[in-house]
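Written below as structure tokens is the structure these notes are about.
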Amino acid sequence: MFISDTLTDIYKKLGNSIRNDVISGNEIYQSLALSLIGTLAPKELVDFVFQDVLNLAFTESSRTTVFIRKKAVLCLLRILRRHKDHIRIQEKWAEPIIRMLDHKNIGFLCSALSLLNGIVALDSYMGYEKAVLKIISILKRLVINKECTSDYFYYKTPNPWLQVKLLKALQFFPPPPEYDAIETINQVLEHIVTKTQVTKSVNKNNTDYSILFEAVHVIVHYRNAIDPDIRNQASSLLGLFISVKEPNIRFVSLLNPTN
């Protein structure tokens, strides 16, 4: 009992100190505090700082830098995953999270997609359906238009990490009812399926295949909403990859049934 009371007092003092750093407005203090919370995330500490982390993640104030918002978003995701039985995901979070998808900063957008995917995986996609049209629009800009700054290209592929997160996100939702959205996602998936080629670069292959395999998962998930020709192309392509020498490619191909 004495030990428990002592630990409670320690967490209370520590929690107050860390909370002061979180709300300080000093980027260095905030960054260190959010890293600590996200790494450890004990319940006693989370009880002190959760609302402040939530405010930093959802705020659109010019006083909070994109860097701190990104760290707060990832810290929030860590807390929700670790304390999913203790913290209830609230419906009112949907609107600010969906608004995050309008952000122009690619790094922040990646973090926002991680949070969206984490929340719908832990809870439900209900309330987040409006995110689908934005996800498809971002995919079109990346995959077809290649609208991405040069520092986010990896082996000539525009931001593969974000592409993978976007394709994963679509798998949590049913196909959108809008005809234009279905047409666009068909164009995106066709581009991925037809443009992915085996090269001599292992790094480029791993990058492009990670996108391809998530695209195939979307094709399987959307079923008849996807053009039959694209489904057939995906099947043929995976059949081809099963025959290549690279074991990782063969293994993942076997994990992607398209029928």
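Brief remarks on what is shown
- In this structure, the amide hydrogen of Tyr154, modeled 1.01 Å from its nitrogen in the peptide plane, lies closer than 5 angstrom to those of Asn159, counting only residues at least 5 positions away or on a different chain.
- Here the range 208-225 and the range 88-112 have alpha carbon centers that stand 23 Å from each other.
- Of the trypsin sites (Lys or Arg not before Pro) found in the range 38-91, those that fall in a DSSP loop while having at most 15 other beta-carbon atoms within 10 Å are Arg63, Lys84, Arg88.
- Alpha-carbon Debye profile of the range 8-70, log10 I(q)/I(0) at 0.29 Å⁻¹: -1.35
- At most 16 other Cβ within 10 Å, DSSP loop - chymotrypsin sites (Phe, Trp or Tyr not before Pro), the range 1-109: none
- Counted over all Cα-Cα pairs of the range 1-128, pairs farther apart than 25 Å make up 25 percent.
- Applying the Karplus relation 6.51 cos²θ - 1.76 cosθ + 1.60 with θ = phi - 60° to the range 194-204 yields 3J(HN,Hα) values of 7, 9, 7, 10, 6, 10, 7, 8, 5, 5, 5 Hz, where x marks Gly and Pro.
- The local environment of Gln187, defined by Cβ-Cβ distances under 11 Å, has a net charge of -3 under the rule Lys, Arg +1 and Asp, Glu -1.
- Each Cα pair of the range 160-226 feeds into the Kirkwood radius, which the Stokes-Einstein equation turns, at 4 °C and 1.567 mPa s, into a diffusion coefficient of 105 µm²/s.
- Mean projected area in nm² (Cα convex hull; one quarter of hull surface) for the chain: 16.4 nm²
- Using a cut-off of 18 Å between Cα atoms, the listed pairs Lys12/Lys43; Lys43/Lys84; Lys70/Lys165; Lys134/Lys168; Lys84/Lys104 include Lys84/Lys104 as exceeding that distance.
- P(r) tail fraction, the range 48-184 - alpha-carbon pairs more than 26 Å apart, %: 24 percent
Laboratory data are not the source of any read-out in this text; all were calculated from the coordinates shown. Remember, it's a predicted structure, so these values are computed and weren't measured experimentally. No Cβ is skipped: glycine too gets one built from the backbone with ideal geometry, and neighbour counts run over all protein chains shown.
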